[in-house]
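The values are calculated or read from the model by the stated rules, or taken from the named source; none is laboratory data. All values reported here derive from a predicted model rather than from experimental measurement. Here the Cβ positions follow ideal geometry from the backbone for every residue, glycine too, while neighbour counts run over all protein chains shown.
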Amino acid sequence: MRTEFLKEIEETKKAALEVLLHNAHGPFQGLPRTAGWGYPEPYTRDLMISLLGIGVSGNQTLLRSIRKTLETLAKNQTKQGHIPSLVHDNDDRGASDTTPLFLLATGIFRKITGEVDFLAEAVEKSLVWMSYQSPTNKYLVAQQPTSDWRDEQWVLGYGLFVNALTYSSYRIHGKDEWADNMRRAMSRFTITGDTIHRHVHGGLVVKHKPYYALWSYKVLSSERFDLLGNSLAILSGIASYSRANDMISWLEEECIAMKGRGELSCNLPPNFFPFTKPGDPDWHERYALYNNPGDYHNGGIWPFIVGFYIAALVAAKRFKLAEEKLLELTECVKLSHTENLEFGFNEWIKAQTGKPMGQDWQTWSAAMYLYAAKCVEERRTPFFEEMRK
């Protein structure tokens, strides 16, 4: 990589760290903010994901902040083991991804600090909670619509992201038998017929395509592409090395085609496609207000998810492509709503126009930039290397 690019990346990393330090203390019990201005609340999923960037930064102020966050979550955990959606509010419940994110984050924090028994009781309770989320007791965990990070998009039954997340949390806590069973379950094909035969269990593999389904449940499924879930599948080792590379090549070709149709304005992939459009069977009236094609969860470009994709590229040994995407992301995180901001680290970008549409100084946008940069620099994926072995 050319010297001027390296300098630009270093400047962006410094800016990302400044954002995280600014957001480290918010108005709710001194817990971190989710964004610099728009989201003062400590949202669990955002802050758990931010640990990836905080962890590779080594910044002790940020690590103390995330320790407080994890300890507060443990205090607000339900007696059954479920983790709330807001760190400080034990009545804000119902998310499908907060508990596996808490498990993954505590596992990462243990690796960083060497505290192998950190929050041991809370971890065990959350593992029990996750074991009861499989309605068939066949390893895949199920969820309700809009219960994961896509709070404006329907994912039914066995969602890819939540299952890939649960798999990762099992691996990092040494629950390898659980993880192996889950990987085998995910590796089955989705059911495409109208009848479920006895002893036939569907999975998340899509026939004739290299990626995993967005979700499946009994005879229903969605073959739309979920960038976050599939990136995590590569990063954690659910996808084989050959499947990972086939998936990446397919994705890059699809993005070129989308640019040709005017559906994509830059060289970064949208979080979800094909976009759901009015008239599609999976279109909901509320999408017209919050989730139009190319917007938000329906195909917006999310810098934090691009960070996961860059890490997945490194995991698949696509190092040159990872460098190219990091440079594209470096330009993307400069975009902002707020005037006189050199770096926006915006929440999400409209796919067709490249216009920033979310909140500036988003915690997970800054954190995942740091993580992606570390992966590219070291050609490895901290905290996930052992999972893929």
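Tell me the residue from Leu6, Leu63 that is under 22 Å from the mean Cα position of the chain (by Cα) and of a type in the set (A, V, I, L, M, F, W, C), please.
Working: Leu6 fails: under 22 Å from the mean Cα position of the chain (by Cα).
Unique residue meeting the criteria: Leu63.
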For the subset of segment 185-228 comprising residues that are of a type in the set (D, E, K, R) and modelled with pLDDT of 95 or more, which member is surrounded by the most Cβ atoms within 10 Å (Cβ to Cβ)? Asp226
Do you know which residues across segment 282-302 are out of contact with any Gly (no Cβ under 9 Å at 6 or more places or on another chain), closer than 16 Å to Ile349 by Cα and outside any loop (DSSP other than H, G, I, E, B)? Tyr290
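Looking at Ala74, Ala15, can you tell me which residue is touching a residue at least 12 places away in the same chain (Cβ under 8 Å), assigned to a helix (DSSP H, G or I) and over 14 Å from Ala367 (Cβ atoms)?
Working: Ala15 fails: over 14 Å from Ala367 (Cβ atoms).
Checking each option against the conditions leaves just Ala74.
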Any chance Leu101 is closer than 18 Å to Gly30 by Cβ, within 16 Å of the chain's Cα centre (by Cα) and either in a loop (DSSP other than H, G, I, E, B) or not charged (D, E, K, R) (or both): no
Which condition does Asp46 not pass, out of (1) of a type in the set (D, E, K, R); (2) buried (at least 22 other Cβ atoms within 10 Å of the Cβ); (3) more than 21 Å from the chain's Cα centre (by Cα), if it passes all the others? (3)
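Listed here are the residues, each with its yes/no results for (1) outside any helix (DSSP H, G or I); (2) small (Gly, Ala, Ser); (3) surrounded by fewer than 22 Cβ atoms within 10 Å (Cβ to Cβ).
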site	(1), (2), (3)
Lys7	no, no, yes
Leu20	no, no, no
Pro27	yes, no, yes
Thr69	no, no, no
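Identify, from the list Lys68, Lys111, Lys138, the residue that is free of Cβ contacts under 8 Å to residues at least 40 places away in the same chain and of a type in the set (D, E, K, R).
On the way: Lys111 fails: free of Cβ contacts under 8 Å to residues at least 40 places away in the same chain; Lys138 fails: free of Cβ contacts under 8 Å to residues at least 40 places away in the same chain.
Criteria check complete, one pass: Lys68.
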Quick one: Ser96 ticks every box in (1) among the hydroxyl-bearing types (Ser, Thr, Tyr); (2) free of Cβ contacts under 8 Å to residues at least 60 places away in the same chain; (3) closer than 24 Å to Ile238 by Cβ bar one, so which box is it? (2)
Give me the pairs, please: first residue somewhere in segment 274-291 and under 20 Å from Arg261 (Cβ atoms), second residue anywhere and basic (Lys, Arg), beta-carbon distance under 7 Å, and either six or more positions apart or on two chains. Pro274/Arg224; Trp283/Lys277
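Hey, does segment 219-236 have a residue that's assigned to a strand (DSSP E or B), more than 24 Å from Ser365 (Cα to Cα), more than 19 Å from the chain's Cα centre (by Cα) and among the small types (Gly, Ala, Ser)? Show your work before the answer.
Start the filter on segment 219-236 by keeping residues that are assigned to a strand (DSSP E or B), which leaves 220-222, 225-226.
If we keep only those that are more than 24 Å from Ser365 (Cα to Cα) too, we end up with 220-222.
Still in the running and more than 19 Å from the chain's Cα centre (by Cα): 220-221.
Filter once more, keeping what is among the small types (Gly, Ala, Ser): 221.
Yes; the residues of segment 219-236 include at least one that is assigned to a strand (DSSP E or B), more than 24 Å from Ser365 (Cα to Cα), more than 19 Å from the chain's Cα centre (by Cα) and among the small types (Gly, Ala, Ser).
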Give just the number: which of (1) surrounded by 23 or more Cβ atoms within 10 Å (Cβ to Cβ); (2) under 23 Å from Thr3 (Cα atoms); (3) hydroxyl-bearing (Ser, Thr, Tyr) does Thr330 not satisfy? (1)
In segment 320-343, is there at least one residue being under 29 Å from Ile238 (Cβ atoms), in contact with a strand residue (DSSP E or B) (Cβ under 9 Å, 6 or more places away or on another chain), of a type in the set (A, V, I, L, M, F, W, C) and part of a helix (DSSP H, G or I)? yes
Top-ranked residue of segment 334-379 - restricted to ones that are more than 20 Å from Ser231 (Cα to Cα) and aliphatic (A, V, I, L, M), ranked as farthest from the chain's Cα centre (by Cα): Leu341
